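Enquirer: Questions regarding the structure given below will be posed in turn.
The values are calculated or read from the model by the stated rules, or taken from the named source; none is laboratory data. The shown structure was predicted, so the numbers you read here are calculated from the model rather than taken from an experiment. Cβ coordinates were reconstructed from backbone atoms using ideal geometry, including for glycine residues, and neighbour counts include every protein chain displayed. Ligands, DNA and RNA are excluded from the accessible area calculation, which covers all protein heavy atoms including side chains. Shrake-Rupley method; radii C 1.70, N 1.55, O 1.52, S 1.80 Å.
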Amino acid sequence: MEIADAVIIGGGVIGTSIAYRLADICDKVVVVEKGEVGAQTSGSCDKAIILQSKKPGFPSKLAQASRAIYENLEDELGIPFEFKKAGGMIVIQSPEHLQFMKQFVEDQNKAGIDVKLLDRKEALEKQPCFSPHIVGSTYSREDAEVNPLLLSQAFAKASRQKGADIKTHTKVLDITCEHGRVKGVQTDKGYIATEWVINAAGPFAPAIAEMVGVELTIKPRRGVILITEKIKPIVHGNILCAQYIAAKHLTDNKGTEVPPFGIGLSLGQTKSGNLLIGGSREFVGFDKSINANILSSIAAHASQIVPSLKTVQIIRSMVGFRPYTGDGLPIIDKVPEVEGFLIAAGHEGDGIALAPITGYLVRELIERSGRHKELLEPLKLERFK
Amino acid sequence: MEEITVQDTIICRCEEVMLSEIINQLESGSETTKELKLKTRAGMGMCQGRTCRPLLEQAVSFHTSNAIPCVSDLTYNTPIRPLALGELARYGKDL
Ligand SMILES: Cc1cc2nc3c(=O)[nH]c(=O)nc-3n(C[C@H](O)[C@H](O)[C@H](O)COP(=O)(O)OP(=O)(O)OC[C@H]3O[C@@H](n4cnc5c(N)ncnc54)[C@H](O)[C@@H]3O)c2cc1C
Ligand code: FES
């Protein structure tokens, strides 16, 4: 029988980031991943680390803490993952959204986020690919990006170098408990005895929690992205649109409609030259089959903002399932009823941005050194009870 | 000019991935075409693996001694053929 100090379920960006930090305090860390490292949500997403769109207050504070770790992370891991401080913009298409965005930028500045409003001319200077019909945009130089595929691989490799065992193509079937305490994990390739089990299964976390009788309400929120052929660089940094952000915030008070399929622009270009054009937000379970209307709506919306996209060839689409908790924040907590069982899941559309801090927070839950209290408190499971 | 050894050959033309790179990954533990794709980009190019997929499957099968799967684990995603974004924006409904 195999024995481990900690077993992490899920080898996405969250599980591998946790493995890397736990390897510092545990002799034997095991990651159990049913498929390949980073092949689920963490391999079907955009590459943005965006600060300027976060709600001022705690979400923004958490994102800033994670962003600060990115600053030296490539050096620390010793493995490059295309981290780039390329900045980000939220493009404003309609005058109706201008007032809202003005207020938004003001609030962000008060929260200590470096973002400013640009008029049409300034926005076009920064991003010549924009349509001359836009009203303006925001710009923040704090926004950054990574290659998410390389990021999970880098965390996995660096964890291995610290002695962690990453078992791919191994599925967790059950978790055994005795007297309200975790005892071990049954996989399709054998049993692993352990005191700590960390549920880092992203959108699949509820099925894992059910194994110890805990109900988790994380839902898969589907996102679709179009991927183009490689072209010479035309997009600098990451671009979002005000339409979605305004709709999201305004629905709370004014009843403005969220666009069909929850479409809001997310546009960026990878180092290899492919454009990633997103994206939608829908609740359709784990259904991967996509209606052509979604693809055409994403394409139509993107080409209004960047007209030159019309002639670029789309080579494929990508479907991913954001782990949605309901309040835009992950759950990073110990489960009180089952000693030794931890949850680190539900990062929705920010898992890439929040992976670095998540590793530290899980380590703190085990180490109990008294650090990061103010970051862990709002991420507790009990807020959903 | 880069030197190409006699045994080495290109496996994925779109992403310029050499056989030696694929063998390297297989020898360091990769077991599936999906894993090779994530690590080397083989199959992620313009043709979306239509050219290199059979070669990748053969390489995996050779190294793992598993039979080539009937259903590939490299899936095709819509659109099946490259399509200009402008067309997609207009004709999406009839795809
Ligand atoms: C379209 C889209 C765009 C996005 N864009 C961004 C962005 O720009 N920036 C950003 O920060 N975030 C973005 N995200 C969000 C980000 O991708 C996710 O928050 C993040 O990838 C979640 O990582 P994870 O490790 O929790 O989940 P996953 O990557 O899904 O990992 C969970 C793993 O658990 C494994 N697993 C499940 N069940 C079992 C089992 N029984 N046994 C063993 N293993 C199991 C799965 O195989 C999987 O690999 C985007 C998401 C989508 C869908
Ligand atoms: S030859 Fe590999 S993607 Fe085209």
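Enquirer: Just one of (1) touching a residue at least 24 places away in the same chain (Cβ under 8 Å); (2) open to solvent by 10 Å² or more (accessible area, probe 1.4 Å); (3) within 30 Å of residue A:193 (Cβ to Cβ) trips up residue A:159, so point out which.
Expert: (2)
Enquirer: Checking residue A:323 against (1) assigned to a helix (DSSP H, G or I); (2) in contact with a His (Cβ under 7 Å, 6 or more places away or on another chain), which single condition isn't satisfied?
Expert: Condition not satisfied by residue A:323: (1).
Enquirer: Also, quick follow-up: Looking only at strands (runs of 3 or more DSSP E) that fall completely inside region A:168-275, which ones have 2 or more residues that are within 16 Å of ligand 2 (Cβ to nearest atom) and open to solvent by 10 Å² or more (accessible area, probe 1.4 Å)?
Expert: Where strands (runs of 3 or more DSSP E) fall fully within region A:168-275 and carry at least 2 residues being within 16 Å of ligand 2 (Cβ to nearest atom) and open to solvent by 10 Å² or more (accessible area, probe 1.4 Å), they are A:219-230.
Enquirer: OK, next. Quickly run through region B:14-40 and pick out the residues that are in a loop (DSSP other than H, G, I, E, B), within 10 Å of ligand 2 (Cβ to nearest atom) and surrounded by 14 or more Cβ atoms within 10 Å (Cβ to Cβ).
Expert: Hits for region B:14-40 are B:14, B:15.
Enquirer: May I pose another question? Quick check on region A:145-155. Is at least one of its residues over 30 Å from residue A:287 (Cα atoms) and open to solvent by less than 40 Å² (accessible area, probe 1.4 Å)?
Expert: no
Enquirer: Just one of A:297, A:317 is facing another protein chain (nearest Cβ under 8 Å) and open to solvent by less than 20 Å² (accessible area, probe 1.4 Å); which is it?
Expert: Exactly one residue qualifies, and that residue is A:317.
Enquirer: List pairs: first residue in region A:61-79 and in a loop (DSSP other than H, G, I, E, B), second residue open to solvent by 50 Å² or more (accessible area, probe 1.4 Å) anywhere in the structure, Cβ distance under 6 angstrom, at least six positions apart or on different chains.
Expert: A:79/A:157
Enquirer: Given the conditions (1) more than 6 Å from ligand 1 (Cβ to nearest atom); (2) on the phi < 0 side of the Ramachandran plot, which single one is not true for residue A:57?
Expert: Here residue A:57 clears every test but (2).
Enquirer: Name the single residue, out of those in region A:99-117 being part of a helix (DSSP H, G or I) and touching a helix residue (DSSP H, G or I) at 6+ places or on another chain (Cβ under 8 Å), that is surrounded by the fewest Cβ atoms within 10 Å (Cβ to Cβ).
Expert: A:100
Enquirer: Just give me the residues in region B:31-54 being polar (S, T, N, Q) and under 15 Å from residue A:150 (Cβ atoms), in sequence order.
Expert: Residue satisfying the conditions is B:40 alone.
Enquirer: Now for a different question. Take the residues in region A:300-313 that are at the interface with another protein chain (Cβ under 8 Å from one of its Cβ atoms) and outside any helix (DSSP H, G or I); name whichever of them is nearest to residue A:89 (Cα to Cα).
Expert: A:312
Enquirer: Oh, and also: Does region B:31-58 hold any residues that are within 8 Å of chain A (Cβ to nearest Cβ) and on the phi > 0 side of the Ramachandran plot, and which are they?
Expert: Selection gives B:41, B:48.
Enquirer: Also: Search region A:276-293 for residues being more than 12 Å from chain B (Cβ to nearest Cβ) and in a strand (DSSP E or B), and hand back the single one that is farthest from residue A:130 (Cα to Cα).
Expert: Applying the filter and picking the extreme gives A:286.
Enquirer: Out of all the residues in region A:227-240, which are more than 18 Å from the chain's Cα centre (by Cα) and either in contact (Cβ under 8 Å) with a residue 60 or more places away in the chain or within 14 Å of chain B (Cβ to nearest Cβ) (or both)?
Expert: A:227, A:228, A:229, A:230, A:231, A:234, A:235, A:236
Enquirer: Now for a different question. Output the number of residues of region A:128-138 satisfying the condition of being touching a strand residue (DSSP E or B) at 6+ places or on another chain (Cβ under 8 Å) and surrounded by fewer than 23 Cβ atoms within 10 Å (Cβ to Cβ). Can you show your working first?
Expert: Let us first name the residues in region A:128-138 that are touching a strand residue (DSSP E or B) at 6+ places or on another chain (Cβ under 8 Å), namely A:130, A:134-138.
Right, trim to surrounded by fewer than 23 Cβ atoms within 10 Å (Cβ to Cβ) and you get A:134-135.
Number of matching residues: 2.
Enquirer: Among residues belonging to region A:326-344 that are out of contact with any helix residue (DSSP H, G or I) (no Cβ under 7 Å at 6 or more places or on another chain) and in a strand (DSSP E or B), point out the one that is most open to solvent (accessible area, probe 1.4 Å).
Expert: Among those residues, the one meeting the criterion is A:339.
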